[in-house]
Amino acid sequence: MAKETHLIDLVFPGETNHHGTLFGGAALAYMDKLAYIVAARHALTDFVTASCDQIDFAAPAHLGEIVEVTGRVVRTGRRSLTVQTDLEAESLHTGQRRLCSQGRFHLVTADPAALVPPLPAADPAGATDSPPLLRMVELVFPDQCSHRHVLFGGYAQAVMGKAAFVAATRFCGKTVVMAASRGMDFIAPVRVGEIMEVTASVGERGRSSMVVDVVATGENLQTGQRWPAARGSYTMVAIDDDSGRPRPARGEGGERQS
């Protein structure tokens, strides 16, 4: 079975309609972006989207929820492949997830000389790839980079901070805020057209606080080369929705483990 790739984001006001739900076009953009990343990772070449099958929106994603798009290659041809994408919404407090949309995107190599490798053989033991960490990818675009076409450190911090927020929220099932950035090391640059894969895990814990360790890895989609890009730690604090004061991160109901 082909390895799955995950794209995780939060639904912000600029992506919602007057009903407070994610625009269908924004959902399609998430799914198409992930389809490109999955395709390029599989074949190590550039792709363009040729078409997609009918996409039905079964349920809405609401303002403030997490959206997670999962993608995997399900068919390969000589110069084309098909990526299956599933978009799910997740409540920040309960962890309840619902399938919002599914779609199949058909992509074709941009290089006429490039050939698409076949799908990997199925694991006879039936093992699945289910990493214990929060794992998400971001594709680097020109407007996120400096004049040297290198990802801005501030944007990298924003992505890593978002990963820390999602990991802490999934861990405790409560409203969390960032109390401190405990340190950040920028190890190597990530450039336009490359991806940054971010992993986050909850480490040290206090009564209301959690330290989330985040690691960013750069990846060249043309060669498959990967390298450490950045690492940082963030202190996240669980707070009460009404008073805004710290509350226990675990217990008091609603507790869940990522």
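The values are calculated or read from the model by the stated rules, or taken from the named source; none is laboratory data. On a predicted model such as this, the values are computed, not experimentally measured, just so you know. For neighbour counting, all protein chains shown are included, and Cβ atoms are generated from backbone atoms with ideal geometry for every residue, glycine included. The protein model used for the area step is the full one, side chains on, heavy atoms only, and it has no ligands, DNA or RNA in it. Shrake-Rupley method; radii C 1.70, N 1.55, O 1.52, S 1.80 Å.
Figures for the structure shown
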read-out	value
Qualifying residues in region 1-23 (those that are within 13 Å of the chain's Cα centre (by Cα) and among the charged types (D, E, K, R)) - the one farthest from E90 (Cα to Cα)	E4
Hits in region 203-235 (condition: assigned to a loop (DSSP other than H, G, I, E, B) and more than 18 Å from A40 (Cβ to Cβ))	G206, R207, S208
Top-ranked residue in region 11-50 [being under 13 Å from T109 (Cα atoms) and hydroxyl-bearing (S, T, Y); ranked as least open to solvent (accessible area, probe 1.4 Å)]	T45
Identity of the residue in region 139-167, open to solvent by 10 Å² or more (accessible area, probe 1.4 Å) and under 12 Å from the mean Cα position of the chain (by Cα), that ends up nearest to V38 (Cα to Cα)	L139
Candidates V83, V69, V74, filtered to the one that is part of a strand (DSSP E or B) and open to solvent by 30 Å² or more (accessible area, probe 1.4 Å)	V74
Failed item in (1) within 24 Å of E65 (Cα to Cα); (2) open to solvent by less than 40 Å² (accessible area, probe 1.4 Å), with D242 passing the rest	(2)
Single residue of region 130-148 satisfying the filter (in a loop (DSSP other than H, G, I, E, B) and either touching a helix residue (DSSP H, G or I) at 6+ places or on another chain (Cβ under 6 Å) or modelled with pLDDT of 95 or more (or both)) that is nearest to R182 (Cα to Cα)	V140
Residue in region 86-102 that is farthest from L10 (Cα to Cα), counting only those that are open to solvent by less than 70 Å² (accessible area, probe 1.4 Å) and among the polar types (S, T, N, Q)	S101
Per-region count, region 37-58, residues closer than 25 Å to A167 by Cβ and out of contact with any Leu (no Cβ under 7 Å at 6 or more places or on another chain)	1
Of all residues in region 201-237 being under 18 Å from the mean Cα position of the chain (by Cα) and among the small types (G, A, S), the one that is surrounded by the most Cβ atoms within 10 Å (Cβ to Cβ)	A216
Given (1) under 22 Å from D9 (Cα atoms); (2) part of a loop (DSSP other than H, G, I, E, B), index of the condition A188 fails	(1)
Conditions (1) within 15 Å of V159 (Cα to Cα); (2) aliphatic (A, V, I, L, M); (3) over 17 Å from the mean Cα position of the chain (by Cα): number failed by V198	(3)
